[in-house]
Amino acid sequence: MRTALVAGNWKMNGDSGFISELMTGLKTDVPASGVEVLVCPPSVYLSQVKVQTEGSVIALGAQNVSEQKNGAFTGEISLSMLQDLGCEYVILGHSERRSIYAETDELVAQKFIATVETGLKPILCVGETLAEREADQTLEVVGRQIRAVVEAAGIEAFADAVIAYEPVWAIGTGKTATPEQAQEVHAAIREMIAQSDAGTAAKIRILYGGSVNAGNAAELFANEDVDGGLVGGASLKANDFVAICQAAGA
Ligand code: PGA
């Protein structure tokens, strides 16, 4: 039995006042059981959010991390720093990192390995573009993205990992994959993991991301292989995010 996870990816949004208000709303209203709730603020606000999560069930995660341990890497943030601030999870290979900041499968795999070695839990994002879906390459693309990490890190590294399937054409567009489209890809991802280890495949949580909102969350999460969501825009509205968490916990 997999416990659902709902992760809020705030991206590069908010300021201390906005975040304080959002956290106040979430803290009192997110379900206390049945679903694991995670927020991933911009790194500069991790400490603030950590203080605000105290006494609540909300876990803390980062949106990105360096693959390097420490040293002369201007502007980068290390895993030990994230750990020091109380982060439990790190989002890796988000499509915005892959497309805007040119992160390759190889770099994502290095970050994944470093994350697991440090003792944090990776949320590995995968997904196809609209052109790739239209060319019927969805499973090929997602398979390549997952294999790159499995081959570099080993399947054992997936013991506490989470995978997020985020079709690029659904991110921030208001276009959501249908529950059937999501289930088809999620089942295929679980099968890919099963080819390396059936136990890990049965246990690993596969989140759906891409325009999840309060209205569509329940039907997406009702699918057998959809174990929660990675939520962007709707995670910035306390009521909507709470409703999505409730849908996952129901
Ligand atoms: P969205 O973003 O919910 O705004 O589509 C999801 C994500 O990018 O993780």
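List of remarks:
- Along its first, second and third principal axes, ordered by size, the stretch 102-250 spans 39, 36, 30 Å in Cα coordinates.
- Square roots of 5 times each gyration tensor eigenvalue, C-alpha, the stretch 1-131, largest first, Å: 24, 17, 15
- Distance between the 7 Å Cα→Cβ label points at Ala218 and Val44: 4.0 nm.
- Longest site-free stretch - the chain; sites: GluC sites (Glu not before Pro), DSSP loop, at most 14 other Cβ within 10 Å: 77-223
- Under the combined filter of DSSP loop state and at most 12 neighbouring Cβ atoms within 10 Å, the stretch 178-230 retains none of its trypsin sites (Lys or Arg not before Pro).
- Entry comment: accessible area of the stretch 4-249 is 43 Å² per residue, from protein heavy atoms only and a probe of 1.4 Å.
- Label point 7 Å beyond Cα of Ala202 along Cβ direction - residues of the stretch 1-38 with amide nitrogen under 14 Å: 1-2
- In nm, spacing of pseudo-spin labels at Ser80 and Thr3 (7 Å Cα→C-beta vector): 3.0 nm
- Given Lys69/Lys237; Lys203/Lys237; Lys69/Lys175; Lys27/Lys69; Lys50/Lys111, the pairs whose alpha carbons are separated by over 28 Å: Lys69/Lys237; Lys203/Lys237; Lys69/Lys175; Lys27/Lys69
- For the stretch 1-109, with all protein chains in place and a probe radius of 1.4 Å, 53% of the accessible heavy-atom surface sits on carbon or sulfur.
- Whole-percent pair-distance distribution, where bins are 5 Å wide, for the alpha carbons of the chain: 1, 7, 15, 19, 21, 18, 12, 6, 1, 0
- Mean shadow area of the stretch 63-187 over all directions, Cα convex hull, nm²: 8.3 nm²
- Alpha-carbon centroids, the stretch 146-186 and the stretch 33-78: separation in whole Å: 21 Å
- Scattering profile of the stretch 171-250 at q = 0.20, 0.25, 0.27 Å⁻¹ [log10 I(q)/I(0), Debye over alpha-carbon scatterers]: -0.83, -1.12, -1.23
The values are calculated or read from the model by the stated rules, or taken from the named source; none is laboratory data. The model shown is predicted, which means the values in this text are computed figures rather than measured ones. Here the Cβ is made from the backbone with ideal geometry for all residues, glycine too, and neighbour counts use every protein chain on show. Areas reflect the complete protein model, heavy atoms only, side chains present, ligands, DNA and RNA absent. Shrake-Rupley method; radii C 1.70, N 1.55, O 1.52, S 1.80 Å.
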